[in-house]
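Here, each number is a calculation from the coordinates, and none is a lab measurement. Everything quoted here is computed from the prediction, not taken from an experiment. Glycine also receives a Cβ, built like all others from the backbone with ideal geometry; neighbour counts cover every protein chain displayed.
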Amino acid sequence: MKTKITDALYPVGFAIGFLIIWELAVRLLDIPIYLLPSPTDIVAVIDSSLWSHMLVTLLEALTGFVFANILGLITAIIFVHSKPIEKGVFPLAIALKTTPLVALAPLLVVWMGTGYSSKVVASMLICFFPILVNSVKGLKAIEHEAWELFSTYKGTKAEIFWKLRLPTSLPYVFSALKISTSLAIVGAIVGEFVGANKGLGYVVLVSSYHMDTPVMFSAIIASALCGLVLFWGISQLERKIIFWQRTDDL
Amino acid sequence: MLTTASDLGKEASRLQNQDTTISSKSEIAVTLKNCSLSFGDVQVLNNVSLDIYKNEFVSILGPSGCGKSTLLRLMLDLLQPNAGGEIIYPSKDLSLGMVFQKPVLMPWLTAIQNIALPLTIGEKKFTKKEAKEKAEGALRLVGLQDFMNHFPHQLSGGMQQRIAIARALAADPTVLLMDEPFGALDEFTREKLNFELLRLWESPETSLSTVVMVTHSIQESVLMSNRVIMMSPRPAGVDDIIPVPLPSPREVGMEELPAFHQTVKELRKRVKHL
């Protein structure tokens, strides 16, 4: 317990040190605010509107994240049970994955408008592939002997799925979920860049037009915070669900 | 009446004489008839014929990779022999149990849930309550009743393997097939579990009558079994069947008996000859 607290103090200490050096450097070297605002400049521009933009982005990312993962997992389950579908659809999924989201985003806005749904779909597109690949891997990762054990006792396909395949795949699924948390935010912000009137991507874009660097910084930091919140939430969930595997990242 | 590795042909008459003394006393638990098996072009088993009796502990000994495990998989019906081969279990109330080299426990299930798993899948002969009671009984047999609600990662390797044995016993098997069950354990745990398994086999509390154990330890095979089946290298056939003239029940210290050394020596000779 004690080591846990001291462990947490290290990054906090370094962050505070970094902020102090940043603040001093800006003041002493007289760096213009449009190039690099000091931490206090940034804090000064934070108001309730930033929180509401942050909430919008978080909600878009989270919705895309949830839908992509449900869809990815279902697709993976279908793949694992049908070789022809896997062989036919997997290359298409790879093709989708190699298409840059930035190139697709304008199309999404044309199709779905500048509202909520285009960002959700952008988020989904970017989250879909990791969950699909990892779930397929996880669902196939059962030990051969475990399969033999179920077969010896005449376990049905459904029993093998629910009592063996699905639990075995969970560690793989969760590592994909953790990868997708930051990707989901990327998707939402790219969507907002192309066409939106709210959200952190919108704030970054508009503040860049006005050379309002402190606001830009506040939005960048807020977007990083969104990713952290999602990642932390998934990590907590992972520790609860996959209790038999201790992962020590964050 | 007994068909052994006929393709090798040597010493066949001597073997037959030895084995009839056993067979006259016992009923057959399982018969393998002319079982060959190929994976594509690779022939793994070559015409294996074998009788294993009730109330018998048999070890299958052979060089690693020779197809010993494959033979067990045939007996488990996980693999089918090539055309012409046959595996016959004459008994009507047959129940098979399997123990692997690794414990193969589900890490998300507690010890008791792992043991109950075979009882709750497939034909589902038991209610939830019955399954739990049977699992508790099996856990007591291996002496781990205090670890009922522990998860596999909280148990040592030896304890995990005992849970795996309990899981096999919970379904009341009459024939227990084991694939190097103690191969991954340290010497101390291995010796302890050797005798624990023998006690379970002898015990009237279990339905166990026949144990077939694959092993690559000559000492282990001699110490534990009534007969040792020596396999030849791939494509594996039965090279020889050696009866073990040690008294039963087997006790700690029987490794010191001349008969033990004699049999070990005999088997060693055959290993060299292979």
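In peptide B:121-127, how many Cβ atoms from other protein chains are near each Cβ within 10 Å, on average? Before the final figure, lay out the partial values.
Values: counts 12, 8, 4, 4, 0, 0, 0.
Average per residue, whole number: 4.
Can you give the FRET efficiency for A:Asp47 and A:Lys97, using 1/(1 + (r/R0)^6), R0 = 30 Å, r = Cβ-Cβ distance, to the nearest 0.05? Display every interim value, and only then the final one.
Numbers: r = 39 Å, r/R0 = 1.29.
Efficiency, from the Cβ-Cβ distance: 0.20.
Using DSSP, restrict attention to beta bridges with both residues in the protein assembly as shown and report what percent are antiparallel, rounded to the nearest 5. Before the final figure, lay out the partial values.
Numbers: 16 of 35 bridges.
Looking only at bridges with both residues in the protein assembly as shown, the antiparallel portion is about 45 percent.
R0 = 56 Å: FRET efficiency of B:His261 with A:Lys240, Cβ-based, nearest 0.05?
Numbers: r = 57 Å, r/R0 = 1.01.
For B:His261 and A:Lys240, the calculated efficiency is 0.50.
Using Cα centres only, tell me the gap between the stretch B:216-265 and the stretch A:172-250 in whole Å.
65 Å
Identify all aspartates and glutamates with a Cα-Cα distance to B:Lys132 below 19 Å; exclude those on the same chain that are fewer than 8 residues away in sequence.
A:Glu159, B:Glu123, B:Asp146, B:Asp172, B:Glu205
If you average the alpha carbon positions of the stretch B:54-103 and of the stretch A:66-130, how far apart do those two centres end up, in angstrom?
What the calculation gives is 47 Å, centre to centre.
What does the charge count around A:Ser169 come to, taking other residues whose C-beta lies under 10 Å from its C-beta (Lys +1, Arg +1, Asp -1, Glu -1)?
Its environment carries a net charge of +3.
Return the ratio Rg/(2.2 N^0.38 Å) for the stretch A:37-241, where Rg is computed over Cα atoms only. Walk me through the numbers on the way to the answer.
On the way: Rg = 20.3 Å, N = 205, 2.2 N^0.38 = 16.6 Å.
So the stretch A:37-241 has a normalised radius of gyration of 1.22.
Calculate the spin-label point distance for B:Glu202 paired with B:Val271, positioning each point 7 Å from the Cα along the beta-carbon direction, and give it in nanometres.
About 2.6 nm, to one decimal.
Could you tell me, in Å, what Rg and Dmax come out for the Cα atoms of the protein assembly as shown?
Computed over the Cα atoms of the protein assembly as shown, radius of gyration and Dmax are 32.3, 104 Å.
In chain A, which helices (entire DSSP H runs) extend 18 Å or more along their own long axis, judged by Cα positions, while averaging at least 1.0 on the Kyte-Doolittle scale? Mind dumping the intermediate values first?
Details: long enough: A:2-29 (40 Å, 1.11); A:48-81 (50 Å, 1.57); A:83-98 (23 Å, 0.48); A:116-139 (33 Å, 1.30); A:166-194 (40 Å, 1.35); A:213-241 (42 Å, 1.21).
The qualifying helices are A:2-29, A:48-81, A:116-139, A:166-194, A:213-241.
Counting Lys and Arg as +1 and Asp and Glu as -1, what is the net charge of the other residues whose Cβ lies under 14 Å from the Cβ of B:Phe39?
Computed value for this residue: +1.
Count the net charge of all other residues whose Cβ sits under 13 Å from the Cβ of B:Arg234, scoring Lys and Arg as +1 and Asp and Glu as -1.
Summing Lys/Arg as +1 and Asp/Glu as -1 gives -1.
Could you compute the FRET efficiency for A:Ile16 and B:Lys129, with r as their C-beta to C-beta distance and R0 at 45 Å, rounded to 0.05?
Numbers: r = 59 Å, r/R0 = 1.32.
FRET efficiency, A:Ile16 to B:Lys129: 0.15.
Reachable lysines from A:Lys87, Cα under 17 Å, same-chain residues fewer than 8 places away excluded?
A:Lys97, A:Lys137, A:Lys140
How would you order A:121-133, B:148-160 from highest to lowest mean count of nearby Cβ atoms within 10 Å?
Working: A:121-133: 24.3, B:148-160: 15.8.
Ranking, from highest mean packing down: A:121-133, B:148-160.
List the lysines whose Cα sits under 16 Å from the Cα of A:Lys154, skipping any in the same chain fewer than 8 residues away.
Candidates past the 8-residue exclusion: A:Lys163, B:Lys124, B:Lys125.
Let me have the 222 nm mean residue ellipticity of chain B computed from DSSP H runs of 4+ only, each contributing -39500 (n - 2.57), with the sum over all residues rounded to the nearest 500. If you can, show how the numbers build up before the last one.
Numbers: 8 runs with 93 residues, N = 274.
Helices in chain B give a 222 nm mean residue ellipticity of -10500 deg cm²/dmol.
Hey, for a label at A:His144 modelled as a point 7 Å past Cα toward Cβ, could you say which residues of the stretch B:45-80 have their backbone N under 19 Å away?
It comes to B:45-46, B:62-80, nothing else.
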